[in-house]
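The values are calculated or read from the model by the stated rules, or taken from the named source; none is laboratory data. Just so we're clear, the structure is a prediction, and the values are computed from it rather than from any experiment. Here the Cβ positions follow ideal geometry from the backbone for every residue, glycine too, while neighbour counts run over all protein chains shown. Just so you know, the surface numbers come from the protein's heavy atoms only, side chains and all, with ligands and any DNA or RNA stripped out. Shrake-Rupley method; radii C 1.70, N 1.55, O 1.52, S 1.80 Å.
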Amino acid sequence: MKTATHKTALFIALRYLFSKKQHNIINVISIVSILGIMVSSAALVVVLSVFNGMQDMIGGWFNAFNPDYEITLVEGKSFAVDSFPKAEIAAQPEVAAVSEVVSDLVLISYQDRQELLRLKGVDKDYTTRNQYDKMLIDGTFELNRGEQPCAVLGAGAAGNLLLQLNRYDLLKLYYPKRTKKNLANPTDAFSTQYLYPTGVFSTNTAYDQEYVFCPIEFARNLMHYEGEVTSIEVQLKESGHYEKSQSKIQNIVGPKYKVLNKFQQEESLFKTMQSEKLVIYVILAFILFVAAFNIIGSIGMLVLEKQRDTAVLRSMGASKGLIQRIFLYEGMGTSLIGGLSGLVLGAVICLLQQVFHIVKLGGDGTNYLISYYPVQMRVWDFLAVLATVLIISLLTSLIPARKLRKSIQTNPI
């Protein structure tokens with residue numbers, strides 16, 4: 001019986017939705033409602049897709065620099081390699097390489113300039129496995145030139161130091177001694193060593209401002225980390241199945257260590273981007289809610305126009321719930337037309353942007369890493385927008401439908 005009632009209400013609502021109204025103002029308000037919901041839905045789709053594109057682009061830059069997994073201590077700064085199950089991790093079928101890393105902040109002096117940078121000591125095969133040589137923009141990615149240890153700097157760090165690779169000036173590094181300190185002679189409290197700069201790399205991230213690569217033996221001698229590392233980096237043979245591999249490695253190393261995947265290594269960045277996306281979504285959803293309020297007016301006027309039809313239905317035995325559903329479905333149908341049209345319009349705009357790069361970043365002559373807004377459409381965003389439209393249309397359609405039910409109760413046939 002309930003199914004028949006719903007079908008009857010839906011049939012009548014569709015007739016009302018597509019039939020010509022006696023009062024033209026109702027048609028105008030309905031069209032305005034559909035257009036408002038369509039534009040708001042399209043805006044939601046486009047903005048969410050742009051955020052996806054920006055996130056994928058920025059995430060790709062950072063992920064190209066970061067290893068698949070980084071293993072560090074939960075508490076503490078360095079740990080002994082002998083007590084770490086490195087061989088067991090390397091024996092896993094999905095693991096391509098396990099690298100030892102010694103990294104910390106050091107003061108670097110070059111000619112008359114100084115910068116506080118992060119020195120990262122790696123083994124000789126590290127750059128080949130992680131393809132950092134593809135990020136090179138000047139010089140060579142050499143970490144050893146004969147007996148001389150070498151350094152490869154990020155583009156931002158090299159620019160701040162005014163680095164010149166065609167000169168033979170060395171980088172002078174200062175690091176505070178971990179054990180032996182002489183308060184009477186502050187200069188004796190630092191270990192000092194020299195690196196020869198051989199190259200400059202660029203990842204288009206903040207890492208360019210702070211990172212310097214060097215041989216791991218050099219970093220250990222400078223920081224007095226004999227037989228110790230600050231982290232272990234794991235590279236997989238194929239990207240994917242991160243959660244399964246991550247939990248497996250976490251079980252191997254135990255609770256003393258934490259295993260971070262690519263996104264967890266940049267957790268604050270991606271959380272900020274997700275928060276920004278959520279805020280924009282809420283703002284545009286509120287605009288969509290305001291646009292949907294036109295439905296209240298259109299249904300209210302339709303109720304007045306269809307009073308005679310309502311009276312006939314009541315005399316034929318139609319319940320108050322049936323009549324309420326008719327106008328509820330009418331409002332939701334109007335919203336659904338606008339929402340689906342908005343999804344199509346948003347998808348078309350995103351496709352045009354992907355193919356023709358219509359909307360540019362900045363004006364002519366600007367120097368950006370990418371000249372247009374990147375767009376990445378995702379099914380979940382479309383479903384989220386459609387669900388938002390349906391929820392808002394339900395809320396706005398309930399208001400006139402409930403008032404109609406009350407008016408039927410106070411004015412029975």
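Amide H contacts for residue 193 (H built 1.01 Å from N in the peptide plane; partners 5 or more residues away or on another chain; cut-off under 5 Å): 173. Here Cα Rg over 2.2 N^0.38 Å was calculated from the structure, and among [x] 1.49; [y] 1.33; [z] 1.01 it sits at label [x]. For the range 42-59, 3J(HN,Hα) computed residue by residue from phi via the Karplus equation (6.51, -1.76, 1.60; θ = phi - 60°) reads 4, 4, 4, 4, 5, 5, 4, 5, 5, 4, 4, x, 5, 5, 5, 5, 5, x Hz, glycine and proline entered as x. List every residue whose amide H lies under 5 Å from the amide H of residue 257, counting only residues 5 or more places away in sequence or on a different chain, with H placed 1.01 Å from N in the peptide plane. Amide H neighbours of residue 257, under 5 Å, 5+ apart: 74. What the Cβ-Cβ distance of residue 192 and residue 147 gives, at R0 = 22 Å and to the nearest 0.05, is a FRET efficiency of 0.75.
State to the nearest 20 debye the size of the charge dipole of the chain about its Cα centre, where the only charges are +1 on K and R beta carbons and -1 on D and E beta carbons.
2980
Can you send over the solvent-accessible area of residue 44, 1.4 Å probe, protein chains only, in Å² to the nearest 10? Here the residue's solvent-accessible area equals roughly 0 Å². Taking all protein chains together, 57, 301 sort by accessible area into 301, 57, largest first [probe 1.4 Å]. Would you mind calculating the relative contact order of the chain from Cα pairs under 8 angstrom and at least 6 residues apart, reporting the percent as a whole number? This gives 30 percent for the chain. Annotation: extensible slack from residue 166 through residue 351 equals 61.9 nm (criterion: 0.36 nm per residue apart, minus Cα-Cα distance). Of all the options 85, 67, 93, the one that moves most in a Gaussian network model of the chain with Cα springs shorter than 10 angstrom is 93. The residues of the range 67-126 expose on average 44 square angstrom of accessible surface per residue, using a 1.4 Å probe on protein heavy atoms. Solvent-accessible surface of protein heavy atoms, probed at 1.4 angstrom with all chains present, puts 275, 99, 268 in the order 268, 275, 99, largest first. Placing a pseudo-label 7 Å from each Cα along the Cα-to-Cβ vector at residue 395 and residue 18 gives an inter-label distance of 3.0 nm.
Summing Lys and Arg as +1 and Asp and Glu as -1 over all other residues whose Cβ lies under 11 Å from the Cβ of residue 200 gives a net charge of -2. In this structure, the amide hydrogen of residue 138, modeled 1.01 Å from its nitrogen in the peptide plane, lies closer than 5 angstrom to those of 200, counting only residues at least 5 positions away or on a different chain. Its DSSP H runs of at least 4 residues, each contributing -39,500 (n - 2.57), put the calculated 222 nm mean residue ellipticity of the chain at -17500 deg cm²/dmol, to the nearest 500.
Between 0 and 90 degrees, the angle of helix 320-356 with respect to the longest Cα principal axis of the chain falls at about 40 degrees. Greater than 21 Å separation of Cα atoms is the criterion. Which listed pairs, 120/262; 120/244; 86/177, meet it? From the list (120/262; 120/244; 86/177), the Cα-Cα distance tops 21 Å for 120/244; 86/177.
For a Förster distance of 30 Å, can you work out the FRET efficiency between the beta-carbons of residue 305 and residue 10, rounded to the nearest 0.05? So the FRET efficiency works out to roughly 0.95. Seen against the Cα atoms of the chain and their longest principal axis, helix 379-410 is set at about 30 degrees.
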